[in-house]
Amino acid sequence: MTKILSEAASGKTVHTVSGITVRLCGDSGDGMQLLGTQLTNTSALAGNDVATFPDFPAEIRAPRGTRAGVSGFQVQFASDKIFTPGDVLDALVVMNPAAMVTNIADLRKGGILIANEDGFNDKEYKLAKVESNPLEADIIQQSYRLFKVPMTKLTRDAVSALGLGNKEAERCKNFFAMGLVYWMFGRSLEPTLRFINDKFAKKLPEVAKANEAALRAGWAYGETTEAFGVSYQVEAAKLAPGKYRNIMGNQALAWGLIAASKLSGKELFYGTYPITPASDILHELTRYKNFGVRTFQAEDEIAAAGATIGASFGGCMGVTASSGPGIALKAEAMGLGVMLELPMIVINVQRGGPSTGLPTKTEQSDLLQAMFARNGEAPLPILAPRSPGDCFAIAIEAWRIAVECMTPVMILSDGYIANGSEPWRIPDLDSMPKIMVSHPEGTDDFSKPFLPYERDENLARPWAVPGTPGLMHRLGGLEKEDRTGNVSYDPDNHQHMVNTRARKVSEIADRVPPQDVFGNPTGDILVVSWGGTYGSCHTAVQRCQQDGLAVTHAHVRYMNPLPSNLGELLRSFKTVLVPELNSGQLRMLMRSKYLVDCIGFNKVKGKPFSVHELVDAIKSHVSAPEVVTDSEESLRHRAG
Amino acid sequence: MNLPVLKAADFASNQDIRWCPGCGDYSILAQMKKVLPELGVPREKIVFISGIGCSSRFPYYMNTYGMHSIHGRAPTFATGLKSTRPDLMVWVITGDGDALSIGGNHFIHVLRRNLDVNIVLFNNRIYGLTKGQYSPTSLEGQITKSTPMGVIDHPLNPLSLALAAEATFVARSIDAHVTHLGEVLKRAAQHKGTSLVEVYQNCNVFNDGAMAYAQEKSQRAENVIELEHGKPMIFGKNRDKGIRLIGTKLEVVSLKDTAIDDLLIHDERESNPSIQMMLARMRYPDMPEPIGVLRAVEGVSTYDDQINHQVELAKAQRGMGDLQSLINSGDTWVVS
C-alpha cells in the first residue's frame with residue numbers, strides 16, 4: 001500500500017512502497033556496474049531482499065556511445081522476499097541515447113526515466129544511430145515521468161574546487177547519478193562513503209574526495225530541486241533470522257569449494273582456463289593461497305582438466321571450471337575421469353551457445369552435453385544450483401558425492417546465477433557435517449595383491465594415493481577387469497563394468513533427499529524447472545497459486561540421477577510444464593525416463609524468464625476457466 | 001633401519017608384456033628397471049604417466065604407481081600430480097606422435113614451466129599402435145600407410161622444439177645402445193627441472209631400420225657423436241673426425257688436418273642455447289647426430305617449487321586462512 005509518510009516544508013513527499021526495480025544503463029565506460037553493485041549492497045545492508053541482473057556487452061570496449069557498448073545493471077530491492085530482479089522496471093537511469101533506446105521498452109508506463117541531459121547531443125545521436133533526441137519524442141513525454149539532469153556539468157561543478165581536469169571529473173558522474181538515485185529511493189550514503197574511503201582514500205585521495213563530492217552533489221540535487229517532488233522508501237524485509245551478506249554466484253561457488261576442502265580435510269587444486277562467465281571463480285580462488293588453494297591457469301581447457309585429474313590422483317580435491325565451449329574440449333578427459341573413477345568436480349557456468357554463442361548472456365542449454373557428451377556409456381552425477389547463494393551448498397554437496405562414489409561430478413551453473421547477487425545467510429561452518437574421506441593404508445604384505453577396483457557398498461573403489469607403500473597399481477582409460485583393474489577386453493567383464501558404472505551413479509538417488517515441492521503434491525499443473533530459472537518460476541507459481549490455481553512448483557537440483565520420487569510426482573498432475581532456457585533438454589530426459597508427456601515452455605534469447613511470461617504460460621494450460629487478476633500487479637502495489 | 005635394496009626384478013609388474021617381439025621398447029624398459037634401483041627412491045614414490053601409443057603401454061609393466069591417460073595429454077596429468085605431490089618422482093612416457101602431434105601444445109608448456117618431471121620420448125618415426133601412419137618425425141618422402149605417395153610434411157625435431165621452449169635438460173639416446181641409455185636416464189632423473197630424453201626406438205614391424213645408421217653397432221661410430229660435457233667433440237670408428245665451429249656454422253673436420261684444440265668443446269651447462277640448438281640440428285647423413293646430454297642447466301626454478309612456494313609465502317604473510325572469518329567479512333547485517 002502506498003503510504004504518504006511526510007511532507008516537508010519544501011513540498012516533498014515520501015511514498016513507502018514494497019519494492020522498486022531499477023535499471024542503470026550507460027556506455028561501458030560510464031561505471032554502471034559499480035553504481036549497480038553499490039546500490040545493491042546499500043539496499044541489502046538496509047535489510048531489503050535484493051536480486052540483481054547485470055547485463056554486460058560481450059566486447060571489452062565496443063565503440064563508445066554505440067548500442068553494442070551499452071552496459072546495464074538491474075536490481076530489485078524489496079520489503080518482501082523476492083526471487084527475481086524484476087520483470088518490468090519502475091525506474092530507468094540512462095546516461096546516453098544508446099542506453100535509452102536499447103532499454104526504454106522495459107520501463108513500465110508511468111515509470112521514472114532519469115536521463116543525463118549532457119549525454120544527449122548530436123554526436124551521441126549519430127553513435128546511437130538515432131535521428132534526433134529520443135527524449136523529446138511525444139510518446140516519451142506522455143508515457144513516463146521524465147527527469148533530465150545535466151549530470152556531467154553538475155559533476156564538474158561539484159569537483160571543480162578539487163582541481164580535477166574535465167576528463168577526470170566526468171568519470172565521477174556515475175557517483176553523481178548514484179547520489180541522486182539514493183536520494184530518490186531513500187538509500188543511505190554511508191556504505192558507499194565507506195567504499196570510496198576503503199578503495200581510494202589511501203592511494204588516490206583526490207579521486208576519493210571527488211567521488212564523495214559527486215555523490216553528495218547528486219543527493220543534494222534530488223533533495224533541493226523542485227523537479228524531484230517525490231521520493232520513495234522501501235522498508236526492511238522479514239528474512240529468516242541470522243547474519244547476512246550479499247553474495248554473487250561465482251563467489252559462492254569459490255567459497256563453497258574451499259568449505260568442501262575444509263570439511264573433507266583435502267587441499268584444493270583448481271585447474272582452469274579463462275572463459276566468460278567462469279573466469280571470476282579463478283580470480284576469487286587465486287586470492288586464497290593462504291587457505292592452501294593451488295590455482296593453475298593451464299595452457300588450454302584440456303590441460304586444465306588433465307591437471308585436475310592428476311591432482312586428484314595424488315589425493316587432492318581436484319576442481320576445474322569452464323563454460324560450454326571449454327566443457328566440449330574437456331569431454332575426453334572427463335571420460336577418462338569416469339574410467340579412472342577418481343573424485344573431481346567439473347563446473348560449467350553455462351552461457352548462450354552454440355559454439356562461441358553469446359558469451360555474456362545466460363542460457364541453460366548444456367544439460368544434454370553434461371549427460372551424454374562423452375564417447376561410450378559414461379554417466380556421471382550432475383547438480384545444478386538454483387541461485388547465487390545456493391552455489392555454496394551445491395559445491396559442498398558435489399564434492400561429497402564425488403568422494404563417496406569416486407567419480408567426477410558436474411555442476412551446471414549459468415551466467416545469470418554467476419553474476420547475480422542476493423542476500424545470503426552466513427552459515428556456521430563448525431556445525432556443518434564433515435565429508436568423510438578415507439585412503440587405504442600402506443602395507444608391507446605383498447602376498448595379497450592390492451585390488452584397485454574392489455568396491456564398497458556405494459560401488460566406490462578405494463582411493464589409494466601414490467606414495468602409499470605396497471598399493472602400487474596402474475590406472476588407465478582402457479577397460480579394466482573388475483576388482484583387479486587389469487586391462488581386459490573380456491565381453492562379459494565389459495558388460496559388467498558398464499552396468500556397474502551406471503549403477504554407481506543411479507544409486508546415488510537412494511541416498512539424497514527426494515524432490516521437494518512448493519504447493520500441493522497433486523493438482524492440475526506441475527511446473528518443473530532447474531538451474532537459474534528458480535526465482536522466476538517460483539514467483540510465477542506463487543502468483544498463480546494466489547490466483548487460485550492448483551499449480552505446484554518442483555525445482556530440480558539433482559539432474560543426474562533425477563530424484564527417486566520424481567516420476568511419481570509427475571504422474572500426480574494433469575499437466576507437467578517444463579520451462580527451460582533451451583529447446584527442451586530436461587523435458588527430453590524426463591519424457592524418456594518416465595514416459596510422461598511433459599510440455600515444454602522454451603525460450604532461447606539469452607535472457608532470463610520474466611515472471612509475466614511464465615504466468616501466461618501456466619495459465620494457458622489451465623483446463624477450467626479461473627478468475628484471473630492482472631498478474632503483474634497482484635503481488636505488489638507500486639507507487640505512482 | 002635397513003632399507004630394502006631393490007633390484008631390477010622388483011620393478012617388474014605381474015603383467016605380460018604385449019610389445020611385438022624385437023621392439024625397441026623392451027630395451028628401454030630393461031634399462032629403466034636397471035636405473036631405478038640406483039636412484040634410491042622407493043617404488044611407491046614413483047609414478048609413470050603415459051599417453052597413447054605403443055610407448056604408452058609402459059606403465060603397465062612397472063611395479064610402481066602409473067596412469068595410462070589420453071593421447072598427447074600425459075604432461076597435463078603430470079603437472080597436476082607433481083604440483084600437488086612434489087614428493088613423488090614422476091616420469092612421463094610418450095612417443096613421437098603422442099608428444100609432437102596431438103600433444104605438441106602440452107609438450108611445449110611442460111618444458112617451459114620446468115616442472116620437475118622426466119619425459120622419455122620414444123621416437124620410432126611412425127605411428128605403430130594404429131599400424132603404420134606417418135608421424136611428425138617421419139622423413140619427407142617416406143612411404144607409409146597414410147602416405148602412399150610419400151610424406152609431404154617437413155619433420156619436426158623434438159630436441160629443437162624443446163630447446164626453443166627453454167628446456168633445462170635435453171638429451172638423446174638409442175634403444176640399442178644400452179649402457180648409454182641407462183646413463184642418460186639416470187642423469188635425467190638426477191636433474192632438477194624438466195628432463196627430456198628422446199630415445200631412438202626401432203619399430204621392427206612398421207618402420208624397421210629407420211634409424212639403423214645410429215642403432216646398428218657397425219654404423220654407429222661414423223654416424224653418431226657421443227657428447228661429453230667439457231670434452232672436444234670427436235667421433236668416428238677411429239676417433240679421427242671432429243666438429244668445429246667456424247663462424248656461425250658447425251663443420252665436420254678431419255683430425256688429420258685440424259688440431260684437437262680447435263674443436264668445439266661441448267658445454268651442456270651453457271644457459272644460452274644457441275650452440276645447443278645447432279647441435280640438435282645435426283642430421284645424418286650430412287652430419288653425425290649427437291647423443292648424450294645436449295643441455296643440462298641447473299638452478300632454474302621449477303613450477304612445482306614455485307606453486308608451493310607461493311602458497312607457503314601467502315600463509316606466512318597473511319596467516320592460515322580462516323574461512324569463517326572470510327565469509328563473515330565485508331558488509332554484513334543481522335536479521336533478528
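The values are calculated or read from the model by the stated rules, or taken from the named source; none is laboratory data. Note that the coordinates shown come from a computational prediction; the quantities given were computed from them, not determined experimentally. Neighbour counts run over all protein chains shown; Cβ positions are idealised from the backbone, glycine included.
A compact table of results
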| item | result |
| --- | --- |
| Spans of helices (runs of 4 or more DSSP H) in the stretch A:153-244 with at least 2 residues under 22 Å from A:F120 (Cα atoms) | A:166-171, A:173-184, A:205-224 |
| Per-region count, the stretch B:250-269, residues without any contact (Cβ under 8 Å) to a residue 12 or more places away in the chain and either buried (at least 20 other Cβ atoms within 10 Å of the Cβ) or within 28 Å of the chain's Cα centre (by Cα) (or both) | 1 |
| Meets criteria (more than 19 Å from the chain's Cα centre (by Cα) and among the small types (G, A, S)) for A:S431 | yes |
| Criterion violated by A:G186 - all others in (1) buried (at least 21 other Cβ atoms within 10 Å of the Cβ); (2) touching a Ser or Thr at 6+ places or on another chain (Cβ under 8 Å); (3) not hydrophobic (A, V, I, L, M, F, W, C) satisfied | (1) |
| Matching residues in the stretch A:273-303 - criterion: being at the interface with chain B (Cβ under 8 Å from one of its Cβ atoms), outside any loop (DSSP other than H, G, I, E, B) and touching a residue at least 24 places away in the same chain (Cβ under 8 Å) | A:F291, A:R294, A:F296, A:I302, A:A303 |
| Lone unmet requirement of (1) surrounded by fewer than 22 Cβ atoms within 10 Å (Cβ to Cβ); (2) of a type outside the set (G, A, S); (3) in contact (Cβ under 8 Å) with a residue 60 or more places away in the chain; (4) closer than 25 Å to A:T308 by Cβ for A:M410 | (1) |
| From the options B:I70, B:I52, residue that is closer than 22 Å to B:L29 by Cα, within 9 Å of chain A (Cβ to nearest Cβ) and in contact (Cβ under 8 Å) with a residue 60 or more places away in the chain | B:I52 |
| From A:L549, A:L562, A:L526, residue being of a type in the set (A, V, I, L, M), more than 14 Å from chain B (Cβ to nearest Cβ), more than 30 Å from A:F313 (Cα to Cα) and in a loop (DSSP other than H, G, I, E, B) | A:L549 |
| Sole residue being modelled with pLDDT of 95 or more and farther than 25 Å from B:W19 by Cα, chosen from B:Q219, B:Q215, B:Q201 | B:Q219 |
| Test: A:K129 is at positive phi and part of a loop (DSSP other than H, G, I, E, B) | yes |
| Of all residues making up the stretch B:125-145, the number that are touching a strand residue (DSSP E or B) at 6+ places or on another chain (Cβ under 7 Å) and either crowded, with 22+ Cβ neighbours inside 10 Å or among the basic types (K, R) (or both) | 7 |
| Of residues in the stretch B:314-324 being hydrophobic (A, V, I, L, M, F, W, C) and surrounded by 15 or more Cβ atoms within 10 Å (Cβ to Cβ), the one farthest from the other protein chains (Cβ to nearest Cβ) | B:L323 |
| Qualifying residue in the stretch A:538-560 (condition: charged (D, E, K, R), more than 30 Å from A:V50 (Cα to Cα) and over 28 Å from the mean Cα position of the chain (by Cα)) | no |
| Pair list, Cβ < 8 Å and 6+ apart or interchain, from the stretch A:470-481 residues that are within 23 Å of A:E441 (Cα to Cα) to residues that are among the basic types (K, R) and modelled with pLDDT of 95 or more | A:M472/B:R43 |
| Subset of the stretch A:308-342 that is at the interface with chain B (Cβ under 7 Å from one of its Cβ atoms) and among the aliphatic types (A, V, I, L, M) - its residue that is surrounded by the most Cβ atoms within 10 Å (Cβ to Cβ) | A:A311 |
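Residue-by-condition table, conditions (1) within 14 Å of chain A (Cβ to nearest Cβ); (2) over 30 Å from B:E166 (Cβ atoms):
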{"residue": "B:K231", "(1), (2)": "no, no"}
{"residue": "B:K256", "(1), (2)": "no, yes"}
{"residue": "B:H266", "(1), (2)": "no, no"}
{"residue": "B:M287", "(1), (2)": "no, no"}
{"residue": "B:V297", "(1), (2)": "no, no"}
{"residue": "B:V300", "(1), (2)": "no, no"}
{"residue": "B:L326", "(1), (2)": "yes, yes"}
{"residue": "B:W333", "(1), (2)": "yes, yes"}
